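Visitor: There's a structure below that I have some questions on.
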Amino acid sequence: MTPQEAPLEVLLLDIEAELSVWEQGQVVWSEQEFPVAELAYHLALWLQGPMAGREDFELDSMQAEEGMIRIVRSDDGWRVGSTLTPDFWTSPVTREALVTAIKEFDRSVREAVTTLGIDPAFIPKP
């Protein structure tokens with residue numbers, strides 16, 4: 001099967017890379033084979049949704065554990081966490097900083113998908 005023939009689910013789940021959460025220059029969580037295309041896809045939909053990324057986000061993955069990536073709003077800003085490290089949350093950031101980071105992640109995933117010879121158009125733009 002060529003990438004052009006692959007169903008959306010295959011593209012979302014089979015494009016994997018290392019995903020890490022950093023806090024103050026330290027890796028606090030890392031997954032070697034994470035479905036990054038699926039995460040980029042769901043983050044883009046979250047930012048395009050009726051609340052435009054103003055409600056909490058929890059990755060509803062077909063492959064990864066539920067809650068593996070969570071983004072929640074707190075009084076001080078947005079924090080990123082995971083069920084893998086339930087007692088850890090990143091320091092709060094502004095919504096603008098969060099959206100900038102999501103767009104940078106999206107750009108990185110799109111570049112990687114393109115280097116695989118696959119058109120990244122299956123991932124909505126955030």
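Visitor: Specify the angular offset, from 0 to 90 degrees and rounded to the nearest 10, of the alpha carbon long axis of helix 36-48 from the longest principal axis of the alpha carbons in the chain.
Guide: Around 60 degrees separate the two axes.
Visitor: For region 32-98, rounded, prolate or oblate, judged on the Cα gyration tensor with a ≥ b ≥ c (square roots of eigenvalues), a/c < 1.5 rounded, else prolate if a/b > b/c?
Guide: Oblate is the answer for region 32-98, as a/c is 1.5 or above yet b/c matches or exceeds a/b.
Visitor: With every protein chain left in place and a probe of 1.4 Å, what is the accessible surface of ARG70, to the nearest 10 Å²?
Guide: Accessible area, nearest 10 Å²: 50 Å².
Visitor: Could you tell me which label, among [x] 16; [y] 30; [z] 41, carries the value of percent of Cα pairs over 27 Å apart calculated for this structure?
Guide: Derived directly from the coordinates: [x].
Visitor: If ligands, DNA and RNA are left out, what is the accessible area of SER108 with a 1.4 Å probe, given in Å² to the nearest 10?
Guide: About 60 Å², rounded to the nearest 10.
Visitor: Another question, if that's okay. With every protein chain present, what accessible area does ASP14 have (1.4 Å probe, heavy atoms only), rounded to the nearest 10 Å²?
Guide: 110
Visitor: Could you order LYS125, LYS103 so the one with the most accessible surface comes first? Probe is 1.4 Å.
Guide: LYS125, LYS103
Visitor: Same structure again: Are there GluC sites (Glu not before Pro) in region 42-99 that DSSP puts in a loop and that have at most 15 other Cβ atoms within 10 Å, and which ones?
Guide: When the GluC sites (Glu not before Pro) of region 42-99 are filtered for loop state and at most 15 Cβ neighbours within 10 Å, GLU55, GLU65, GLU66 remain.
Visitor: Okay, moving on. Across region 73-86, in residue order, what do the Karplus-derived ³J(HN,Hα) couplings come to in whole Hz, using 6.51 cos²θ - 1.76 cosθ + 1.60 with θ = phi - 60° and x for Gly and Pro?
Guide: Once rounded to whole Hz, the list reads 8, 10, 4, 9, x, 8, 10, 10, x, 8, 5, 6, 10, x.
Visitor: Quick one: check the C-alpha center-to-center distance for region 23-52 versus region 81-126, whole angstrom.
Guide: Result: 4 Å between the Cα centres.
Visitor: When only Cα pairs under 8 Å and 6 or more residues apart are kept, what is the percent relative contact order across the chain?
Guide: 20
Visitor: Please state the charge dipole magnitude for region 1-92, taken about the Cα centre, from unit charges on C-beta atoms (+1 on K and R, -1 on D and E), reported in debye and rounded to the nearest 20.
Guide: So the dipole magnitude of region 1-92 works out to roughly 360 debye.
Visitor: Then there's this: What angle do you read, to the nearest 10 degrees and between 0 and 90, between the alpha-carbon axis of helix 95-115 and the longest principal axis of the chain?
Guide: Rounded to the nearest ten degrees, it is 20.
The values are calculated or read from the model by the stated rules, or taken from the named source; none is laboratory data. The shown structure was predicted, so the numbers you read here are calculated from the model rather than taken from an experiment. No Cβ is skipped: glycine too gets one built from the backbone with ideal geometry, and neighbour counts run over all protein chains shown. Heavy atoms of the whole protein, side chains included, go into the accessibility calculation; ligands, DNA and RNA do not. Shrake-Rupley method; radii C 1.70, N 1.55, O 1.52, S 1.80 Å.
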